[in-house]
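Step one of this worksheet: look at the structure below.
The values are calculated or read from the model by the stated rules, or taken from the named source; none is laboratory data. All values reported here derive from a predicted model rather than from experimental measurement. Glycine gets a Cβ as well: all are built from the backbone with ideal geometry, and neighbour counts include every protein chain shown.
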Ligand SMILES: C[S@@+](CC[C@H](N)C(=O)[O-])C[C@H]1O[C@@H](n2cnc3c(N)ncnc32)[C@H](O)[C@@H]1O
């Protein structure tokens with residue numbers, strides 16, 4: 001299948017997922033998403049103007065709007081935008097003056113340049129299935145950020161996955177594939193290539209690792225529940241969330257990382 005066909009399939013997948021109106025289907029590992037959101041909030045202030053690209057059901061936007069002055073969510077699936085808007089009205093009506101959801105593409109953001117203080121992505125650019133397209137989205141994010149603005153990027157890397165798989169191998173567990181658990185594609189970043197691309201425009205302020213959460217949920221849980229299959233809604237994952245909030249990293253395990261990039265002034 002060509003990249004174009006795979007991208008089309010992915011788009012259809014997200015349109016379908018959005019229409020299910022269930023906010024866990026864009027992050028089966030909802031505890032991990034909550035860790036990401038918790039991590040990003042430390043970069044927000046009451047004056048921040050925030051853009052969440054690939055906002056899906058809007059879960060991060062609702063949390064960011066509790067802190068920031070203004071939050072915009074953009075997603076290319078209309079069904080996601082509709083679901084996020086519906087949740088805003090039904091559950092977060094008090095935040096409605098501070099949040100806007102739009103349909104649009106990460107590859108061609110319909111915002112003026114230097115418009116946002118903080119841009120976030122949560123597992124979105126890995127849905128762009130070649131590095132050229134990922135770079136196009138990164139350039140768009142750079143364009144809409146203010147000088148000295150922050151891009152808080154929660155995306156997955158090949159290097160982090162290799163560390164996870166080394167640990168799994170050590171304990172006789174099967175490898176986690178790059179494709180993940182869904183029946184759709186994704187393309188992990190090479191951290192080296194990512195840094196090479198970002199360095200001319202950004203300083204890397206911090207890399208957040210979720211190693212403790214990965215260790216407890218991807219190594220301890222499967223060993224503990226075998227021969228049963230591990231589950232995202234296992235109580236151990238809730239405990240892992242609590243531990244990882246206080247002790248985030250362990251051995252840099254896991255593909256999902258939080259890169260904090262500061263656009264040069
Ligand atoms: C894994 S989901 C994550 C959604 C949300 N960030 C979350 O954490 O729940 C990826 C999201 O990116 C959106 N997406 C994928 N490619 C996109 C693109 N080119 N432009 C905008 N959104 C895109 C999908 O529709 C989907 O909602």
From (1) more than 28 Å from residue 206 (Cα to Cα); (2) surrounded by fewer than 20 Cβ atoms within 10 Å (Cβ to Cβ), pick out the condition that doesn't hold for residue 77.
(2)
Hey, any hits in segment 44-51 for a residue that's modelled with pLDDT of 95 or more and closer than 27 Å to residue 13 by Cα?
yes
Return a yes/no flag: does segment 68-81 have any residue that is within 11 Å of the ligand (Cβ to nearest atom), part of a loop (DSSP other than H, G, I, E, B) and touching a residue at least 12 places away in the same chain (Cβ under 8 Å).
yes
If a residue must be over 19 Å from residue 18 (Cβ atoms) and assigned to a loop (DSSP other than H, G, I, E, B), how many such residues does segment 37-56 contain?
7
Looking only at segment 102-133, filter to residues that are under 21 Å from residue 192 (Cβ atoms) and more than 10 Å from the ligand (Cβ to nearest atom); which one of those is modelled with the lowest pLDDT?
130
Identify, from the list 52, 38, the residue that is surrounded by 16 or more Cβ atoms within 10 Å (Cβ to Cβ) and touching a residue at least 12 places away in the same chain (Cβ under 8 Å).
52
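Residue-wise test of (1) surrounded by fewer than 18 Cβ atoms within 10 Å (Cβ to Cβ); (2) over 16 Å from residue 31 (Cβ atoms); (3) in contact with a strand residue (DSSP E or B) (Cβ under 6 Å, 6 or more places away or on another chain).
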position: 244; (1), (2), (3): no, no, no
position: 248; (1), (2), (3): yes, no, no
position: 259; (1), (2), (3): no, yes, yes
position: 263; (1), (2), (3): no, yes, yes
Within segment 94-101, does at least one residue satisfy the condition of being under 18 Å from the mean Cα position of the chain (by Cα) and at pLDDT 95 or above?
yes
When every residue in segment 55-66 that is farther than 23 Å from residue 134 by Cα and touching a helix residue (DSSP H, G or I) at 6+ places or on another chain (Cβ under 6 Å) is compared, the one farthest from the ligand (Cβ to nearest atom) is 65
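Could you tell me whether residue 21 is within 12 Å of the ligand (Cβ to nearest atom) and at pLDDT below 95?
no
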Could you list, in sequence order, all residues of segment 188-209 that are part of a loop (DSSP other than H, G, I, E, B) and in contact with a helix residue (DSSP H, G or I) (Cβ under 6 Å, 6 or more places away or on another chain)?
188, 190, 201
Residue match in segment 211-224 (condition: more than 19 Å from the chain's Cα centre (by Cα) and in a loop (DSSP other than H, G, I, E, B)):
no
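Only one of these is within 11 Å of the ligand (Cβ to nearest atom) and either more than 25 Å from residue 205 (Cα to Cα) or without any contact (Cβ under 8 Å) to a residue 12 or more places away in the chain (or both): 10, 88. Name it.
10
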Which ones in segment 24-54 are near the ligand (Cβ under 9 Å from one of its atoms) and under 25 Å from residue 109 (Cα atoms)?
25, 26, 27, 33, 36, 37, 52, 53, 54
